[in-house]
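Beneath this line is the structure, given in structure tokens, with notes to follow.
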Amino acid sequence: MTKLIHSMVRVRDLAESIVFYRQALGLEIKDQFVFDGFSLTYLANAETGFELELTHNHSQEVPYQHGNGYGHLAVSVEDIEQAHQRITSLGIEASDVKALDHNGAHLATFFFITDPDGYKIEFLQRQGRYL
């Protein structure tokens, strides 16, 4: 049996990314390893053991290219409207809250934000399959 433990994104400005993920998602540094030329910073919160790994290549000056295969990270929240209001009050641009139905039944309520490196993050109302 396998267990998902983290997802990694490359960041150009580690300090800016740590502040963003702390404010937007409530993530805190759980571990950090600094090597010659790069560092690995693991962020998480009390909700889950899953971590977000921020890889910072110290000499990277140009934005990373995400390619056409990357989609988004997703998080679930208790109150989607409150989360949207909190995010926008931080000055973070967010899409409108949208609802998605499938075969006449409600599937999801969600919105998206983008981190400083252009990675999309989906906020989902905690319900149904998105607990």
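Listed by first and then second residue, the pairs with beta-carbon distance under 8 Å, at least 6 apart or on different chains, first residue in region 95-111 and modelled with pLDDT of 95 or more, second in a strand (DSSP E or B) and loosely packed, with under 10 Cβ neighbours inside 10 Å, are LEU107/ASP101.
Among the residues of region 45-54, are any outside the structural domain of MET8 (by the TED database) and within 23 Å of GLY26 (Cα to Cα)? No: zero hits.
Condition check: more than 18 Å from ASP117 (Cα to Cα) and assigned by the TED database to the domain that holds PHE123. Does VAL34 satisfy that? No.
Taking region 9-41 as the range and being in contact with a Phe, Trp or Tyr (Cβ under 9 Å, 6 or more places away or on another chain), under 21 Å from HIS66 (Cβ atoms) and in a strand (DSSP E or B) as the test, the residues that pass are VAL9, ARG10, VAL11, SER39, LEU40, THR41. For the structure I just gave you, tell me whether ALA74 is among the hydrophobic types (A, V, I, L, M, F, W, C) and without any contact (Cβ under 8 Å) to a residue 24 or more places away in the chain. Taking the combined requirement at face value, the residue does not satisfy it. Can you find even one residue in region 60-78 that is assigned to a loop (DSSP other than H, G, I, E, B), touching a Phe, Trp or Tyr at 6+ places or on another chain (Cβ under 6 Å) and closer than 22 Å to LEU131 by Cβ? No - not one qualifying residue is present in region 60-78. The residue that is nearest to LEU25 (Cα to Cα), among those in region 120-131 that are in contact with a Phe, Trp or Tyr (Cβ under 9 Å, 6 or more places away or on another chain) and either modelled with pLDDT under 95 or surrounded by fewer than 19 Cβ atoms within 10 Å (Cβ to Cβ) (or both), is GLU122.
Each row is one residue, and each column tells you yes or no for (1) among the aromatic types (Phe, Trp, Tyr); (2) out of contact with any strand residue (DSSP E or B) (no Cβ under 6 Å at 6 or more places or on another chain).
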position	(1), (2)
ILE92	no, no
SER95	no, no
GLY104	no, yes
PHE111	yes, no
ASP115	no, yes
GLU122	no, no
GLN127	no, yes
TYR130	yes, no
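The values are calculated or read from the model by the stated rules, or taken from the named source; none is laboratory data. In this text, all values refer to a predicted model and were calculated from it rather than measured experimentally. In this analysis, Cβ positions are derived from the backbone assuming ideal geometry, glycine residues included, and neighbour counts consider all displayed protein chains.
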